[in-house]
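Rule-based calculations on the coordinates, nothing more; no lab input. None of the values given here were measured: they were computed from a predicted structure. Note that we place each Cβ from the backbone using ideal geometry, even for glycine, and neighbour counts take in every protein chain shown.
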Amino acid sequence: MSLTPDPKNQPAPDGNQPVTVRPGSSMAVIGVFLEVIRQRFTAESGLPWVWHRDIKQGRIAIESAFNEDKDHSNFRPAIFVDRDELIVGRTVIGDAVGQNLQTGLKGFWALSSVPILIECVAAKKGESATLADLVGIFLHASSDLIQSAFAFHDMTPPTVSRTQPYPRDKDQWVTSISFNVQYDVRWTNTPTAPLLQQIITEVMRSGYNSATEYFEIIALTGTADPVG
Amino acid sequence: MASVQITRTTALFPSSVFVQWDISRDEAGEHTVDIFRSGSPTGPWQAVAIALVDAYHVLDDKFNLPPPSGQNDLHVGLNLLTLSRDVYYYVLVSPPSGEANRFQSAVVAVEPGLDARTRLFKRKILRDEATAFRRLNGIPIAVLKRRRWGKVCRECYDEVNREATREHCPFCLGTAFEGGYWAPVYVRGRKSTAPVQTQLTAHGDSDAKVVTFTLLDYPNLVRKDVLVDLRRNDRYEVQMVYGTELKGVTVHQSVTASLLSRSSVEYSVLVDPNNIPSLY
């Protein structure tokens, strides 16, 4: 049952996404959790760690692990969102869910599963553990809302791991949070037979003596105007 | 059990002694420190400083004061740092629970463990090195000793875990003790060159630069103390200290230190960039 009236069809953060980041892709899923976690660390939260889009005004960095911004290098405390192996599962044979008999369009569906890895880095062991605890319980408590708002099929309870040393320019600590999300992946295939038939028709209508001649003209000029 | 240990008694040219101590505490709060000096290990003792609260060292430079007006006490003007004379110190600490629980250090001589001849060598080496730092290859450095006793942080100290829980705590700067660092001590030292090593990590690039400082043997540095290159305001966290020794007594300190990123809280400690190191 959906908790929101109009859930998205595929997981994606709010706002315009670049065309290279497809809704439901692993980058989009990372973006969803990035935005969700950032909302926990706003100025209104009352926490000592306030996230700001301009890192120089913020007290915590909350970024995707793909971040390469120099200002974020060695910044502490920080929360990084990453993913592990993305698996597209198979629930039905051939993933097929339907076909439009008139157009030949076929519909497919699968459940994609991806482990999300969140790492809380801080110079103090207690700080790292506290951040991980905050994020872990926040995600767990918000699980139903996140699933419904961002069209996740399932979200497992988070596992907050042991705080480990993570030496860099000074001693650091990292606590990992991991959980799995599942979500629908849908796609369609347009049958190629009608397309091929369309090409054959074009060749016949063009008036050239052979298909080879027709394709040579296209290759040389970029277009093949009908003869006569 | 609480204890105090004198970690440095270094004779400085022309006539002063740098005395440093380290308190192993049982209780949180302000520890009041009294320092006494004597010409013999059994006294009589003369107070050098009384009721110090915000200090981990004292510079005892009251040796060569002129005699008080109208008096002709020859002992006042003596150079107590002659090699034939031993000067002894001890430190008395009053914990927050009161004077009934006071504890004191062992009596420590200036440059303990060295005979007069070796002591002379040490002073000569120190002076030559200090001259080289001043005239040739030294840079001004502020030493920020991390607080390891005193009032625990009112904001972020966790009584159960016994540690600070925020690096950027405005009260303790992540050290667990209010103030974070003792007042800076300005010295000169030599800094090696080193490249910034950028490593590719799971979270993007990570920069690290580890350099070696050569300092005289005071203040006694330990891991996590901070060195400030005053000309650039670069701040380094001490990772490892190993000394050049003369018959088991430290003459120089070689300090391996890591450059801290500009977002580190250690950059919020104020130092005077125009300070000219007065020691030596």
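Things to note:
- Cα gyration tensor, the protein assembly as shown - rounded (a/c under 1.5), prolate or oblate: prolate
- Segment B:158-237 and segment A:120-143 have Cα centres separated by 25 Å.
- Taking the centroid of alpha carbons for each part, segment A:66-115 and segment A:34-58 are 27 Å apart.
- Calculated FRET value between B:Y242 and A:E44, using beta carbons and R₀ = 41 Å, to 0.05: 0.25
- For chain B, calculated [θ]222 nm from helices alone, where every DSSP H run of n ≥ 4 adds -39500 (n - 2.57): -2000 deg cm²/dmol
- In terms of its alpha-carbon gyration tensor, segment B:102-214 comes out oblate; a/c meets the 1.5 threshold, while b/c is at least as large as a/b.
- As a proxy for reagent exposure, B:W45, A:W49 were ordered by neighbouring Cβ count within 10 angstrom, fewest first; the result is B:W45, A:W49.
- With at most 16 other Cβ atoms within 10 Å, longest stretch of chain B clear of loop GluC sites (Glu not before Pro) (DSSP): B:31-154
- CD proxy at 222 nm, helix term only [per DSSP H run n ≥ 4: -39500 (n - 2.57); per residue of chain A; nearest 500]: -9000 deg cm²/dmol
- Inter-label distance, A:T103 to A:H140: 4.6 nm, where each label sits 7 Å from its Cα along the C-beta direction.
- Among the trypsin sites (Lys or Arg not before Pro) in segment A:30-119, those located in a DSSP loop and surrounded by at most 12 other Cβ atoms within 10 Å of their own Cβ are A:R53, A:R90.
- Ascending count of other beta-carbon atoms within 10 Å, so fewest first, for A:L111, B:L215, A:L131, B:L12: A:L111, B:L12, B:L215, A:L131
- Tilt relative to chain B, helix B:116-132 - C-alpha long axis, 0 to 90 degrees, to 10: 50
- Segment B:N161..B:I125, full-extension length gain: 8.5 nm, with 0.36 nm per residue of separation and the alpha-carbon distance subtracted.
- The A:L196 and A:E85 beta-carbon pair, evaluated with R₀ = 25 Å, returns a calculated FRET efficiency of approximately 0.10.
- Degrees between helix A:211-221 axis and first principal axis of chain A (Cα, 0 to 90, nearest 10): 60
- Computed from label points 7 Å out along Cα-Cβ, the spacing between B:T256 and A:V227 is 8.3 nm.
- Taking label points 7 Å from Cα along the Cα-to-Cβ direction, A:R53 and A:I218 give a separation of 4.7 nm.
- Remark on the protein assembly as shown: A:C120 stand apart, with no other cysteine beta carbon under 4.7 Å.
- B:S263, A:S113 arranged by Cβ crowding within 10 Å, fewest neighbours leading: A:S113, B:S263
- Three-way shape label, chain B, alpha-carbon gyration tensor, a/c 1.5: oblate
- Relative contact order, percent, segment A:20-175 [alpha-carbon distance under 8 Å, six or more residues apart]: 18
- Residues whose amide H falls under 5 Å from that of B:D234, counting only those 5 or more places apart or on a different chain, are B:D229, with hydrogens built in the peptide plane.
- Angle between chain A longest axis and helix A:26-40 axis [Cα atoms, degrees, rounded to 10]: 30
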